[in-house]
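Undergrad: Dropping a structure here in structure tokens format, bear with me for questions.
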Amino acid sequence: MSRLKKLWRLLPLLAVMTFLLTGCGDPTLSALQPKGPVASEQLFLMKLSLFIMVFVVIVVFAIYVYVLIRFRKREGDNSIPKQVEGSHVLEIIWTVVPILLLLVLAVPTVSYTFKHSTNYNKDKAAVHVKVTAHQFWWQFEYPDLGIATAQQLVVPKDKIIAFELISADVSHAFWVPSLGGKVDTNPGISNTLYLQADEIATFQGRCTELCGASHALMNFTVESKSQADFDSWVAKMKAPATVPATAQKGEELFKENCMSCHAVTANGPGVAPNLKGFADRDTLAGILEHTPEKMALWIHNPQEQKPGNKMPAFGKSAGGKLDDAQINDIVQYLQTLK
Ligand SMILES: [Cu+2]
């Protein structure tokens, strides 16, 4: 078989690899497509170390191949090659070159590490957000603004967002690949982090510490807005909700069944996601589509959607006490929570 034909047989493998590797680039969930200064600087460090490593591999292999060919044993040649043991010149070269490469790597790495751990939590110009991780949802409080939301963090573009991160139960980790990070959230110890978004967009976030049955479903989103849109979002969160007459039956049922955990005011107690502004969110529980059908499915039996979460089932067939009509009334009410 000709060499070309053999190579040809590798084509399907190459095609599969291309598909797999190009799949790594969801632009809302990729550290390789940074959308803010912290993520860009972290990507720069990744590239720098990668380039240095590739450079070393290429140089070492080139010398290796050259020496193999140039100094190979030729037929009839029985002479002993020149001995270089203890050569000062060689030893200095292979000591100094790695030291220089490590310095090139170390100086920006150390300086960015210190820069990225700057604590902006006392900075008046930054937006302060207290993140509390729960099995399996994220609570975002804005202590200076007196509001709280869940699953969908809203931030103004081009502003430093100073986070204080903590966990209400086990260890989790907070990561928004497009903006930078990540950092652990631990019970009893608060960590800090700052991020900034350069674009008006929605980014995805993940929990990156195995924290229980639904760890892989503990997703959240980050929505960056212009300062004006952010301000009007804050005003909306603070404004009291108006419930239209069509949703009053749902409101009654909500007060009876859900109010013990969920708030619908600017700021909630934090046992469960604050549902003020819920109607304007893009996701439900961080993982489901924000549609009336999925809301009914969630209320019917949240355990089916997110095993092990702390919300009980309400649907009659799942052991709860609400029938489908009642659940639909509640869903109608939820959709008015602007
Ligand atoms: Cu988690």
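Undergrad: Enumerate the amide H contacts of residue 154 below 5 Å, restricted to partners 5 or more residues apart or on another chain; note that Pro and chain-start residues carry no placed amide H.
TA: Counting only residues 5 or more places away or on other chains, the set is 223.
Undergrad: Connecting C-alpha atoms closer than 10 Å in a GNM of the chain, tell me which of 161, 63, 299 has the biggest fluctuation.
TA: Result for the chain, Cα springs under 10 Å: 63 fluctuates most.
Undergrad: Another question about this same structure. Using the membrane-span-like helix rule (whole DSSP H runs, Cα extent along the own axis of at least 30 Å, mean Kyte-Doolittle hydropathy at least -1.0), which helices of the chain qualify? Don't skip to the end; give the middle numbers.
TA: Details: long enough: 37-70 (49 Å, 2.00); 88-116 (41 Å, 1.52).
Result, helices passing both filters: 37-70, 88-116.
Undergrad: Calculate the dipole size of the range 84-149 relative to its Cα centre from +1 charges on Lys and Arg beta carbons and -1 charges on Asp and Glu beta carbons; express the result in debye to the nearest 20.
TA: Details: 4 positive and 5 negative charges, 73 e Å.
Value, rounded to 20: 360 debye.
Undergrad: Quick one: how many lysine pairs in the range 245-334 have C-alpha atoms under 21 angstrom apart, if they're 8 or more apart or on different chains?
TA: So the count works out to 18.
Undergrad: Return the calculated 222 nm mean residue ellipticity for the chain, to the nearest 500 deg cm²/dmol, obtained by summing -39500 (n - 2.57) across DSSP H runs with n ≥ 4 and dividing by the residue count. Let's see the in-between values first.
TA: Values: 9 runs with 127 residues, N = 338.
My calculation for the chain gives -12000 deg cm²/dmol from helical runs alone.
Undergrad: Compare 187, 307, 244 in a GNM of the chain, Cα atoms joined below 10 Å, and give the one with the largest fluctuation.
TA: In this elastic network of the chain, the residue with the biggest mean-square fluctuation among 187, 307, 244 is 244.
Undergrad: Taking the Cα centre of the chain as origin and charging only Cβ (+1 Lys, Arg; -1 Asp, Glu), how large is the dipole, in debye to the nearest 20?
TA: 1220
Read-outs throughout are calculated quantities, based only on the coordinates presented, and are distinct from any laboratory measurement. These figures come from a predicted structure and were not determined experimentally. As a convention, Cβ positions derive from the backbone with ideal geometry for all residues, glycine included, and neighbour counts pool all protein chains shown.
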